[in-house]
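Participant: Could you have a look at this structure, given as structure tokens, before my questions?
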Amino acid sequence: MDVEEFIGYLSDIEAWVRGALNQGKKGDELVAAVMPQLKEKYGKWNFFDYFAKSNIKDIAAELKGQKRLPVSVPPNPRSLSYRKYASVTYCCTIRCVLKNDPLMAMACSMTSR
């Protein structure tokens with residue numbers, strides 16, 4: 001997979017989710033409406049089954065203005081909240097690296113969960 005294919009994936013999933021939202025679909029009904037198109041075009045990608053459902057839900061949340069935004073790093077690196085942020089970010093990034101998913105690893109290093 002290259003960057004152009006991934007950009008195509010994001011464009012397609014956004015268009016399909018937007019269409020399903022415009023038809024009033026939400027939740028599992030939204031996922032069921034978008035998944036066949038997504039699976040037909042991208043189903044052979046590594047980790048497709050693992051990420052597709054959450055990608056659909058994330059795009060829907062983003063389009064509805066409900067997506068959780070990353071938190072800013074607390075200013076004091078000795079604070080408990082900073083250590084928790086760093087630990088979660090590090091663990092998420094390492095987990096993605098071990099699963100051989102560099103794009104998700106980069107995303108995890110930029111956001112906290």
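Each value in this text was obtained by applying a stated rule to the coordinates, not by laboratory testing. Just so you know, these numbers come straight off a predicted model, no measurement behind them. Glycine gets a Cβ as well: all are built from the backbone with ideal geometry, and neighbour counts include every protein chain shown.
Participant: Within the range 27-67, work out how many residues are at positive phi and of a type in the set (G, A, S).
Facilitator: Going through the range 27-67 one residue at a time, the tally reaches 2.
Participant: Restricting attention to the range 6-22, which residues are more than 13 Å from I59 (Cβ to Cβ) and surrounded by 11 or more Cβ atoms within 10 Å (Cβ to Cβ)?
Facilitator: Within the range 6-22, F6, G8 qualify.
Participant: From the set of residues in the range 36-56 that are more than 15 Å from the chain's Cα centre (by Cα), surrounded by 12 or more Cβ atoms within 10 Å (Cβ to Cβ) and without any contact (Cβ under 8 Å) to a residue 24 or more places away in the chain, which is nearest to I13 (Cα to Cα)?
Facilitator: K39
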